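Peer 1: One structure is given below, represented as structure tokens, and several questions about it will come after.
The values are calculated or read from the model by the stated rules, or taken from the named source; none is laboratory data. The structure displayed is predicted, hence computed values, not measured ones. Please note: Cβ atoms are built from the backbone with ideal geometry, for glycine as well, and neighbour counts cover all protein chains shown. When the accessible area is computed, the model is the full protein with side chains, heavy atoms only, and any ligands, DNA or RNA have been set aside. Shrake-Rupley method; radii C 1.70, N 1.55, O 1.52, S 1.80 Å.
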Amino acid sequence: MGGFVITGVPDRQTKFEGKITFYLVICAVIAATGGLMFGYDIGISGGVTSMDSFLLKFFPSVYYKKKRAKEDNYCKYDDHKLQLFTSSLYLAALVSCFFASAMCRRFGRKLTIQISSVFFFIGVILNVRANDLHMLIAGRILLGIGVGFANQAVPLFLSEIAPFHIRGGLNILFQLNITIGILVANVVNYYASKSLLYGWKFSLGLAGVPALILCIGSFLITETPTSLIQHGRSADGLEVLKKIRGTHNVEAEFQEILQASEAASLVERPFMSIFHRSSFPQLVIGSLLQFFQQFTGINAIMFYAPVLFEAIGFKSHASLLSAVAIGTVNLIGSVVSLLAVDKVGRKLLLLEGCLQMFLSMAAIGAVLVANGQQNQPLDNDSAMGVVMFAALFVSGFAWSWGPLAWLIPSEIFPLETRTAGYAVAVSSNMLFTFVIAQIYLSMLCRMRAGVFFFFSMWIAIMGIFVAVFLPETKNIPMDEMVARVWKKHWYWKRYMDDGTRSLKMEALYDAYSY
Ligand code: BGC
């Protein structure tokens with residue numbers, strides 16, 4: 001298998017040899033398409049819920065409210081059932097990722113990925129054939145289960161197959177696919193909204209494509225070496241490791257996974273052990289990053305970009321077009337992150353993202369406040385200003401909190417609590433995504449422009465948290481995090497030596513210390 005040797009981390013390179021092989025890239029690219037399903041869903045909801053044909057069929061009261069001439073712009077979509085359409089998916093994903101975590105641990109990452117695509121596909125069929133709101137929501141729930149399974153297994157899979165010095169970049173392929181999914185969905189909405197009768201069916205139905213790609217592609221990917229070794233298939237694990245690293249010299253890495261797996265096997269109930277004191281730092285950071293990611297306000301823009309742009313006076317098609325522009329910026333931003341993350345590190349990207357998002361969110365609020373009246377469209381300059389600041393905001397998010405909130409929790413847990421800990425992080429993401437999806441339109445209606453200042457405030461808080469409490473994890477092999485990151489961090493180290501780990505496990509982890 002062809003490949004080239006990575007340089008740039010000389011001290012570790014001598015211990016862990018590895019090339020970027022063709023097989024590694026194929027596995028990563030295929031698995032990352034799990035992000036397409038999630039992204040397509042995020043992007044499609046806002047567009048579909050602003051299509052008249054969809055509203056007339058499932059939410060007639062919203063349709064008539066929207067048509068009323070002097071309706072308040074900020075409030076015309078404020079309807080709990082409509083919000084439930086968007087948010088039901090996240091509720092299902094929230095619960096399902098715990099099952100996915102058990103599945104990842106027992107049956108491996110690959111099967112969990114395959115199952116995600118099956119659930120998702122059945123959900124799409126229900127949605128397309130929906131005759132009433134119940135069927136529509138049932139479809140959304142199945143999509144949510146698919147998303148929960150994929151979001152649990154894919155980032156873990158990517159982090160586990162990656163050589164440590166490109167782990168960030170490889171993991172960000174997941175976010176890149178999310179952004180591609182969102183962008184494709186925006187384009188689809190734009191065209192589908194022109195076809196009066198079946199626009200929404202077309203939009204919802206195309207979600208089946210990423211599920212099919214993932215399902216078929218998943219037969220070509222490997223199980224991760226970590227998962228194989230954890231399941232007692234060490235010989236297979238070693239072979240896969242040689243294949244994805246493109247070298248026979250993988251002994252050091254193999255031994256490290258073997259030891260981590262031995263430590264992990266001492267833990268019978270991983271869900272209990274994540275509540276031990278020694279898991280507290282990873283748990284707090286894993287969950288808080290998700291909370292913060294959602295309280296940047298990103299989904300106020302993503303789900304509701306078309307609705308938001310319509311609310312400030314763009315015509316329906318112009319608003320979808322602006323959403324496409326935002327989607328493109330989002331995609332480009334995640335490419336930047338993919339290239340930068342293993343060079344500049346996680347913290348710097350997060351901090352820069354905070355600064356940029358803080359300023360642009362506050363600027364959107366300021367433009368809306370300056371325009372006062374709720375029933376009037378914004379003048380051209382102000383409307384363009386809002387789109388521009390939204391694009392600036394999204395680019396800041398796309399190279400920081402977007403990808404890193406998925407990457408960091410997937411790499412900070414030791415193997416014994418990795419799937420359980422990551423499930424807590426994924427479910428927190430889904431919970432807060434649900435909360436934002438459920439309350440945002442009501443917040444917009446009640447707080448009006450103030451909602452943007454509300455998000456700016458949270459962005460400032462998360463910046464401070466990152467600066468003070470987040471350790472840098474760039475270029476650290478996953479199975480060395482405890483020894484090299486947590487036990488050395490000025491604050492979190494106090495949680496690391498509380499005696500809740502067994503002596504044998506401690507000895508194993510201390511063996512990595514140097
Ligand atoms: C977030 C989503 C968000 C998307 C935007 C993801 O990382 O989890 O909630 O809509 O990024 O690109």
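Peer 1: Hey, if we sort R167, R277 by accessible area with the 1.4 Å probe, largest down, what's the order? The partial results should precede the final answer.
Peer 2: Working: R167 0, R277 110 Å².
Solvent-accessible surface, decreasing: R277, R167.
Peer 1: Please determine, in degrees from 0 to 90 and to the nearest 10, the orientation of helix 450-469 with respect to the longest principal axis defined by the Cα atoms of the chain, where the helix direction is its Cα long axis.
Peer 2: On a 0 to 90 degree scale, this one is about 10.
Peer 1: Of all chymotrypsin sites (Phe, Trp or Tyr not before Pro) in region 201-292, which ones are in loop regions per DSSP and have a Cβ with at most 14 other Cβ atoms within 10 Å?
Peer 2: Answer in residue order: F219, F275.
Peer 1: Evaluate the Debye formula for the chain with equal point scatterers sitting on the alpha carbons, no solvent, and hand back log10 of I(q)/I(0) at q = 0.09, 0.10, 0.12, 0.13 Å⁻¹, in q order, two decimals.
Peer 2: One equal scatterer on each Cα of the chain leads to -0.61, -0.74, -1.04, -1.19.
Peer 1: Would you mind working out the accessible area per residue for region 159-274, using a 1.4 Å probe, and quoting it in Å²?
Peer 2: On a per-residue basis, region 159-274 sits at 39 Å².
Peer 1: Multiply the residue gap between M457 and V336 by 0.36 nm, knock off their C-alpha separation, and tell me the result in nm, one decimal place.
Peer 2: Numbers: separation 121, 0.36 × 121 = 43.56 nm, distance 2.58 nm.
So the extension gain works out to 41.0 nm.
Peer 1: Tell me, what % of the accessible area of region 191-246 is carbon and sulfur with a 1.4 angstrom probe?
Peer 2: Ligands and nucleic acids excluded, carbon and sulfur give 70 percent.
Peer 1: Related question: On the protein heavy atoms, probe 1.4 angstrom, tell me the percent of accessible surface of region 348-474 carried by carbon and sulfur.
Peer 2: Carbon-and-sulfur percentage of accessible area, whole number: 73.
Peer 1: Sorted by mean Cβ packing within 10 Å, highest first, what order do the peptides 331-341, 148-158 take?
Peer 2: Most protected by this proxy first, the peptides run 148-158, 331-341.
Peer 1: Is it possible to state the helix-based mean residue ellipticity at 222 nm for the chain, with each DSSP H run of 4+ residues giving -39500 (n - 2.57), the sum divided by total residues, to the nearest 500 deg cm²/dmol? What is it?
Peer 2: Value at 222 nm, helices only: -24000 deg cm²/dmol.
Peer 1: Specify the angular offset, from 0 to 90 degrees and rounded to the nearest 10, of the alpha carbon long axis of helix 109-128 from the longest principal axis of the alpha carbons in the chain.
Peer 2: Once rounded, the angle reads 10 degrees.
Peer 1: Let me ask another. Please check the chain for the longest run free of GluC sites (Glu not before Pro) that are loop-located per DSSP (anything but H, G, I, E, B) and have at most 13 other Cβ atoms within 10 Å.
Peer 2: Result, exposed sites excluded: 1-267.
Peer 1: Binning at 10 Å from 0, report for region 185-253 what percent of all alpha-carbon pair distances ends up in each bin.
Peer 2: Reading upward from the zero bin: 18, 27, 17, 14, 17, 7, 0.
Peer 1: If you don't mind, another one. Order of 382-388, 33-39 by packing, highest average Cβ count within 10 Å first? Let's see the in-between values first.
Peer 2: On the way: 382-388: 18.6, 33-39: 29.6.
Those peptides, ordered most packed to least, come out 33-39, 382-388.
Peer 1: Sticking with this structure for a sec: For the pairs K347/K493; K242/K488; K19/K343; K65/K315, flag any whose C-alpha to C-alpha distance is greater than 22 Å. It would help to have the intermediate numbers written out before the result.
Peer 2: Numbers: K347/K493 19 Å; K242/K488 32 Å; K19/K343 17 Å; K65/K315 17 Å.
Flagged as over cut-off: K242/K488.
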